[in-house]
Amino acid sequence: MLFSPMTLGDLKLPNRLVMAPLTRVRSGQEGIPGPLVVEHYRQRASLGLIVSEGTYPSPAGRGFPGQPGLVTDEQFEGWSNVTSAVHTEGGRIFAQVMHAGRVTHVDTTGGHEVVAPSAIAIDGETRTYAGKQPFPVPRALTTEELPGIVEEFVTASRRAVEAGFDGVELHSANGYLLHEFLAPSANQRDDVYGGSPENRARFVIEVAQAVVDAIGADRVGIRISPEHNVQGAVELDAADVRATYGHLVDTLAPLKLAYLSILHKDPTSELVQDLRARFNGTFLINTGFGVVTTRDEATALVADGHADAVVVGRPAIANPDLVRRWRDGLPVNEADPATFYTEGPAGYTDYPAYQN
C-alpha cells in the first residue's frame, strides 16, 4: 500500500511517501533558492509529495543562515524555478511556511528584533552569520501585533501558490513560533493567547483559518510535534498535551485541511491515534527525527492503518530515487550528516540514482 496512489487535498499522489521538510541551508545570505536548490528538488520529484524546507514569511522569522524566504521578488523567482522543475518531472510540492520565533538571533535576521509569545530565552546556542551565539531573550509580542504576524503567514502562503507551489504546510512544530504558543514552557502570557490549553492554541488556529480563507483548505496542511521537547518547547504534562492538541485538532478538523502531519516517536500511541481520529482527514506520520525511518517501518505504518502516508527525511536526502529503491527492494545510499548543513553540491545533489 505504501506505493499505491492516494488523494491529498485536490492532488492525486502516485505513492504514499512524502519528503519531509529538510533544513539544508543552500540559499545563501539573501535567502534565494538558486540552480542548486532547483536541481535538489527536481531530482526527488518521484516522491508522492515534496514538502519544502522551512521558508520564512518575514525577515524577523528567519531562523538560520542559508535559509530561503518567501519575502522578496528574487526569492519568489527562485521558488518559481523550483516548482516549475518539480512539475516538469511530474512531481507535487508544498512550501513549508515557518516563522522561527525565538529560535534565531539578530545576526541571522539582519538586525530584525527577535520576537516570541513571551520574553523567555532558549537555553543554548544558535548558528549565525557571525558564528555560534547564545539565544537572546526575545521580545514578547503584544496582543495588537499578532494580526500582523497572521498576515505575514497569509502573504507568504499566497506568494507560495503564485510561485507554483501546490499548497503550503504551516510549521507548528519543533519549537518555532506557532509551537511556542502551544508550549507552556515558551508561552507564559496572561492575555487570551496564554494560560489555558484553549488560549495557547488560539494563535495557531487563527493562522490556519486565515491561510485557508486566503488560498483554500485543499492547499493547506499543518505539521505538529506534541511531546517532541526540542528547542525549549517542552511539553511534559500528558494531560495538558492531550487538552492542548485535542482542542487544536478539534477546531482545525472542520476546516477540512489537506492534511495533518505529526512528528512523534510512537505513531501507534494513544495520543497520536486519538488526534488522527479527531482530525478525520488525511493523516501523515513522521517517526524518524531520532532514528532513521526504514522501508519496513514505513510499509507497516500504512499497511497497518496507522497513517495514510509516511514522511521521510534522511532516506530522501540520500536517495533521489527512493520510491524506486524501496518499491523494488534495491540497495540504498546512506546519508552523510556532515553535509546536511553545509554549502555546495556535496551531500545535496550528488547522491546517485540506482544504476542497473
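The values are calculated or read from the model by the stated rules, or taken from the named source; none is laboratory data. Being a predicted model, the structure only gives us computed values, none of them experimental. We place every Cβ from the backbone using ideal geometry, glycine too, and count neighbours over all the protein chains shown. Ligands, DNA and RNA are stripped out before the accessible areas are found, and what is left, the full protein with its side chains, is counted by its heavy atoms. Shrake-Rupley method; radii C 1.70, N 1.55, O 1.52, S 1.80 Å.
Estimated at the nearest 10 Å², the accessible area of His87 is 70 Å² with a 1.4 Å probe. Given the chain, report the % of alpha carbon pairs whose separation exceeds 27 Å. Summing the P(r) tail past 27 Å for the chain gives 42 percent. With a simple spin-label model that places each label point 7 Å from the Cα along the Cα-to-Cβ direction, the separation between Ala303 and Tyr129 comes to 5.1 nm. The relative contact order of segment 30-98 comes to 49 percent, based on Cα pairs under 8 Å that sit 6 or more residues apart. In a fully extended conformation the segment linking Met1 and Glu89 would gain 29.4 nm over its present Cα-Cα distance, using 0.36 nm per residue.
Pairs of alpha-carbon atoms within less than 8 angstrom and 6+ residues apart define the contacts here; what relative contact order does the chain have, in percent? Working shown, then result.
Numbers: 801 pairs, mean separation 58.8, N = 356.
Normalised by residue count, the contact order of the chain is 17 percent.
With kT/(6 pi eta Rh) evaluated at 37 °C and eta = 0.692 mPa s, and Rh the Kirkwood radius from Cα pairs, segment 161-227 diffuses with a coefficient of 260 µm²/s according to Stokes-Einstein.
In plain terms, if you count all Cα to Cα distances in segment 74-175 and split them into 5 Å steps from zero, the share in each step is 2, 12, 17, 18, 17, 15, 11, 6, 2, 0 percent.
Please report the projected area of segment 1-127's Cα convex hull averaged over all directions, in nm².
In nm², the orientation-averaged hull projection of segment 1-127 is 9.0.
Taking all protein chains together and a 1.4 Å probe, the residues Glu162, Glu227 rank Glu162, Glu227 from largest to smallest accessible area.
As a fraction of the 1.4 Å probe accessible area of the chain, surface on carbon and sulfur atoms comes out at 51 percent.
What fraction of the DSSP beta bridges in the chain is antiparallel, stated in percent and rounded to the nearest 5? The partial results should precede the final answer.
Values: 8 of 39 bridges.
So the antiparallel bridges amount to about 20 percent of the total.
Apply the a/c threshold of 1.5 to the C-alpha gyration tensor of segment 302-356 and tell me whether it is rounded, prolate or oblate.
On the way: a/c = 3.20, a/b = 1.53, b/c = 2.09.
Verdict is oblate for segment 302-356.
Protection proxy ranking, highest mean first, for peptides 75-81, 92-98: 92-98, 75-81, where packing is the per-residue count of other beta-carbon atoms within 10 Å, averaged.
Viscosity 0.692 mPa s, temperature 37 °C: give me the Stokes-Einstein translational D for segment 135-187 in µm²/s, with Rh taken as the Kirkwood radius over C-alpha pairs. Numbers along the way, then the final one.
Details: Rh = 12.8 Å.
Calculated translational D: 256 µm²/s.
Protection proxy ranking, highest mean first, for peptides 190-200, 116-126, 240-250: 240-250, 116-126, 190-200, where packing is the per-residue count of other beta-carbon atoms within 10 Å, averaged. Over all other residues within a Cβ to Cβ distance under 9 Å of Val302, the charged ones net out to -1, with Lys and Arg as +1 and Asp and Glu as -1.
Label segment 215-303 by shape, choosing from rounded, prolate and oblate, from the square roots a ≥ b ≥ c of the eigenvalues of the Cα gyration tensor; if a/c is under 1.5 it is rounded, and otherwise prolate applies when a/b is larger than b/c, oblate when it is not.
Values: a/c = 1.64, a/b = 1.10, b/c = 1.49.
Here segment 215-303 falls in the oblate category.
At 0.36 nm per residue, and after removing the present C-alpha to C-alpha distance, how many nm does the segment from Ala121 to Glu151 gain when stretched out fully?
Details: separation 30, 0.36 × 30 = 10.80 nm, distance 2.50 nm.
Working it through step by step, the gained length comes to 8.3 nm.
Scanning residues 5 or more positions from Ile93 or on other chains, those with amide H under 5 Å from its amide H are Ile50, Asp166, with H placed 1.01 Å from N in the peptide plane. Computed over protein heavy atoms with a 1.4 Å probe, the accessible surface of the chain works out to 37 Å² per residue. Compactness of segment 1-42 is given as radius of gyration and Dmax, 14.4, 42 Å, from Cα positions. Distances over 18 Å make up what percent of all Cα-Cα pairs in segment 82-126? Value for segment 82-126: 50 percent of Cα pairs lie more than 18 Å apart.
The Cα-based radius of gyration and maximum Cα-Cα distance (Dmax) for segment 127-263 are 15.2, 45 Å. In segment 86-127, which residues have a backbone nitrogen under 17 Å from the label point lying 7 Å from Thr142's Cα in the Cα-to-Cβ direction? Backbone N within reach: 113-119.
Arrange the residues Glu151, Glu206 by how much accessible surface each exposes, largest first, with a 1.4 angstrom probe. Can you show the working numbers first?
Working: Glu151 90, Glu206 65 Å².
So the residues, ranked largest to smallest area, are Glu151, Glu206.
Phi angles across segment 341-356 convert, under the Karplus curve 6.51 cos²θ - 1.76 cosθ + 1.60 with θ = phi - 60°, into 3J(HN,Hα) values of 10, 10, 10, x, x, 4, x, 10, 10, 9, 5, x, 6, 5, 9, 5 Hz, Gly and Pro given as x. Here the gap between Tyr341 and Asp237, fully extended at 0.36 nm per residue and compared with their Cα-Cα distance, gives a gain of 34.1 nm. Rolling a 1.4 Å probe across all protein chains gives Asp237 an accessible area of roughly 90 Å².
If a/c stays under 1.5 just call it rounded; otherwise compare a/b with b/c (prolate if a/b is bigger, oblate if not). Do that for segment 223-264, with a ≥ b ≥ c from the square roots of the Cα gyration tensor eigenvalues. It comes out oblate by the Cα gyration axes. Only lysines eight or more places from Lys265 in sequence, or on another chain, were considered; none has a Cα closer than 19 Å. Across the protein chains, with a 1.4 Å probe defining accessible surface, the residues Ile32, Ile205 rank Ile32, Ile205 from largest area downward.
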